[in-house]
Amino acid sequence: MTMNPTLRISALALLGLLPGTAALAQTAAPATITVQVNKPGDAVSKNMYGLFFEDINFAADGGLYPELVKNKSFETDDHLIGWKAIRGAAGLESYLVSTDRPISNANNHFLRLSVKTAGPDAAFVNEGFRGMGVKEGAEYTFSFYARKGPGNVGGVNVTLEQSGRGGPGPETPGSGKALAQAQITGLTTEWKKYSVVMKPSATAAKARLKLAVEGTGTLDIDVVSLFPKDTYLKRENGLRPDLVQLLKDMKPGFLRFPGGCIVEGRTLAQRYQWKETIGDVASRKPLINRWNTEFIHKFTPDYYQSFGLGFFEYFQLSEDIGAEPLPILNVGMACQFNSAELAPITSSTAKGPNAAGQGDEPTLETFIQDAIDLIEFANGPASSPWGAKRVAMGHPAPFNMKMIGIGNEQWGPQYLERYEPFAKAVKAKYPNIQIVSSVGPAPDGDLFDKATLKMRELKAEFIDEHYYAKPEWFRQNVGRYDNYPRTGAKIFAGEYAAQSVAIASENNKNNWDCAISEAAFMTGLERNAGAVAMASYAPMLAHVDAWQWTPNMIWFDNLTSYGTVNYYVQKLYALNKGTSVLPVAMPANAKNGTDNLFASAVADAPTGDVIVKLVNYSTTPRAVKVNLAGAKKVGKNGTAFVMASDDLNTMNTIQEPTKLTPKEEKFSVSGSTVSYTLAPNSFTVLRIPGKK
């Protein structure tokens with residue numbers, strides 16, 4: 001499309017790209033925005049803004065789940081991932097991963113060490129997750145199972161030390177400074193668990209764990225753990241407190257888990273199976289993470305899921321942060337970007353062994369039963385089989401789950417023909433459970449349109465739409481939901497994030513251009529709360545040394561974490577979501593987003609406040625006058641929360657975690673009118689109190 005020259009000059013002036021326009025903008029008449037306070041519209045869902053969790057970017061192991069030992073039970077496909085032998089003059093004679101009389105059938109691999117000549121360097125080290133982050137004076141519980149064999153092994157010296165050289169091959173002796181030490185003695189010829197508390201003498205971001213055999217002979221070890229005592233709520237097998245606190249501070253309405261494509265697996269044999277993630281932590285079998293070799297630019301073959309953070313812990317986390325749990329379940333389809341393997345719809349079409357070559361191939365009924373059993377696990381009484389398992393894990397009360405998702409991001413007729421009997425079976429057993437339905441990975445196109453039409457015909461409760469796109473897409477599509485139906489299925493904007501370069505580019509940045517564009521788009525979500533019931537940014541977490549995808553909402557290293565500018569936009573919406581939509585008329589009745597000015601408003605019944613959200617995507621300040629039409633009682637002083645930067649490339653980082661965060665300021669209210677000047681490139685939330 002070619003822009004009219006006159007219009008182009010006007011647009012450039014508004015963007016401050018012509019000489020003298022800054023002064024012009026500051027002296028121009030204020031843009032009047034009318035908020036119909038006396039005409040509240042649709043209710044805003046209490047779950048409107050929530051969280052999307054997927055185990056990508058080391059979000060679980062190495063992140064939210066704070067176990068410091070990688071591959072603690074030697075059960076990964078490459079059984080020694082994370083472990084290295086130290087070879088010195090008096091090192092190990094041999095080592096191997098054995099299955100000879102293991103701890104249990106579920107945990108049937110262990111490490112056997114043989115020492116011929118005693119010495120301090122007859123040892124194995126664990127590297128952790130890009131190192132082990134430990135803090136001076138903090139307490140860490142070391143534990144393992146051990147069994148001595150022939151010979152005179154007297155014990156194990158445990159050392160937490162500064163990491164020596166990394167890389168492939170054996171470690172060299174004496175390459176790390178000791179931070180904490182302990183000795184395990186009293187070993188027997190039967191498997192026994194030993195534990196000791198270790199307290200580092202200094203803080204280190206990349207420590208490692210060294211286990212040295214004392215004496216000569218053979219020693220078997222398994223389930224090696226180094227777990228911080230400082231977990232959220234000091235809970236055993238708990239979660240990393242700084243990351244949980246960042247999530248809780250958002251007051252999220254829901255927590256969607258465990259993904260994401262992680263639900264599907266590259267093959268059905270590698271799919272996420274929730275039943276394998278509950279019960280005794282030591283008996284949970286690890287599984288390859290489908291993101292480990294997905295991207296050449298971030299090749300991470302050591303990426304496995306230990307399931308120390310499993311479905312019980314997800315439900316518990318939801319409860320801890322006050323969010324509704326929203327589990328997503330496999331619909332009998334492996335990832336369509338990978339193998340696209342399908343489970344047969346009926347047993348008559350099943351064909352022998354499954355993709356792992358084990359047992360009968362699962363049919364759709366297997367996946368349906370998993371969903372029905374999950375609902376019982378979450379909500380069932382202690383007298384029910386799966387409810388009893390929840391109770392046994394320490395949670396007698398039901399989790400009161402209300403929603404599940406059937407499939408993650410599936411598309412096409414294969415999904416629809418599986419979804420329909422799946423949803424029908426769930427509703428027959430649990431009619432009050434609400435179902436989230438997929439319409440594919442793209443926000444438009446023929447497959448999207450057909451799936452949306454079908455889901456509305458089937459009276460789906462929530463339709464999950466995803467969009468990853470350039471920042472301008474978000475600003476241009478602020479009116480996306482203006483004409484969506486207000487009856488029938490509600491929209492769940494389940495995954496979205498502006499991509500500064502391109503989808504899946506390793507060069508994407510969490511910059512202010514992306515975040516302010518998302519803020520603009522979210523005015524459209526808020527204005528259309530009658531059509532949109534839930535929304536979540538994605539992905540949620542990323543390790544700065546072990547990510548596969550960017551951008552992400554929260555970044556962390558082994559010791560610290562920070563919220564991106566995108567995080568603070570999401571948080572401002574979540575903390576100011578209100579209870580009902582208030583109609584907004586833009587200047588001269590222009591469409592929302594005209595001249596890069598975006599607005600939405602809500603009433604907040606508990607406080608009586610009117611909350612107005614304003615985005616000025618412009619390089620110049622912009623004066624606005626907010627007219628509170630029909631307001632009867634208004635307080636004299638309001639509170640503004642402002643995020644603004646002249647540089648659209650501004651980002652928070654590990655080094656500058658709060659470079660751009662909301663600033664709080666007061667403003668005066670004159671009758672039913674608010675005069676305010678929006679900063680350049682700004683997102684502003686105005687809270688205008690009702691007079692009490």
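The values are calculated or read from the model by the stated rules, or taken from the named source; none is laboratory data. Just so it is clear, the structure is predicted and the values come from calculations on it, not from any experiment. Quick reminder, even Gly has a Cβ in these numbers, built from the backbone with ideal geometry, and neighbours come from all protein chains shown.
Residues of region 73-101 being surrounded by fewer than 19 Cβ atoms within 10 Å (Cβ to Cβ), within 41 Å of the chain's Cα centre (by Cα) and in a loop (DSSP other than H, G, I, E, B), which ones?
D77, D78, H79, L80, I81, R87, T99, D100, R101
Among the candidates S561, S536, single out the residue that is within 18 Å of the chain's Cα centre (by Cα) and over 21 Å from Y496 (Cβ atoms).
It is S561.
Quick one: is K389 in the same structural domain as K470 (by TED's automatic domain parsing), touching a helix residue (DSSP H, G or I) at 6+ places or on another chain (Cβ under 8 Å) and at pLDDT 95 or above?
yes
What about A519, is it within 21 Å of the chain's Cα centre (by Cα), modelled with pLDDT of 95 or more, on the phi < 0 side of the Ramachandran plot and not in a strand (DSSP E or B)?
Yes.
When R486 is evaluated against the numbered criteria (1) surrounded by 15 or more Cβ atoms within 10 Å (Cβ to Cβ); (2) over 25 Å from A334 (Cα atoms), which criterion, by number, is the only one it fails?
(1)
Do you know which of the residues in region 361-418 that are charged (D, E, K, R) and in a loop (DSSP other than H, G, I, E, B) is surrounded by the fewest Cβ atoms within 10 Å (Cβ to Cβ)? Walk me through how you get there before you give the answer.
To start, the set of residues in region 361-418 that are charged (D, E, K, R) comprises 361, 365, 370, 373, 376, 389-390, 402, 409, 417-418.
Going one step further and asking which of them are in a loop (DSSP other than H, G, I, E, B), we end up with 361, 402, 409.
Values: E361: 20, K402: 15, E409: 23.
Across region 361-418, the extreme among qualifying residues is K402.
Could you please give the count of residues in region 59-73 that are touching a Phe, Trp or Tyr at 6+ places or on another chain (Cβ under 6 Å) and not acidic (D, E)?
The qualifying residues number 2.
To keep it simple, each residue is scored yes or no on (1) outside the structural domain of N507 (by TED's automatic domain parsing); (2) under 21 Å from M401 (Cβ atoms); (3) part of a loop (DSSP other than H, G, I, E, B).
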{"residue": "K427", "(1), (2), (3)": "no, yes, no"}
{"residue": "A442", "(1), (2), (3)": "no, no, yes"}
{"residue": "T452", "(1), (2), (3)": "no, no, no"}
{"residue": "A460", "(1), (2), (3)": "no, yes, yes"}
{"residue": "I463", "(1), (2), (3)": "no, yes, no"}
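Tell me the residue from G131, G164, G169 that is in the same structural domain as K192 (by TED's automatic domain parsing), at positive phi and modelled with pLDDT under 95, please.
Being in the same structural domain as K192 (by TED's automatic domain parsing), at positive phi and modelled with pLDDT under 95 holds for just one of G131, G164, G169, which is G169.
Please go through region 241-268 and pick out each residue that is surrounded by fewer than 20 Cβ atoms within 10 Å (Cβ to Cβ) and within 30 Å of C335 (Cα to Cα).
Listed by number, the residues that qualify are V244, T267.
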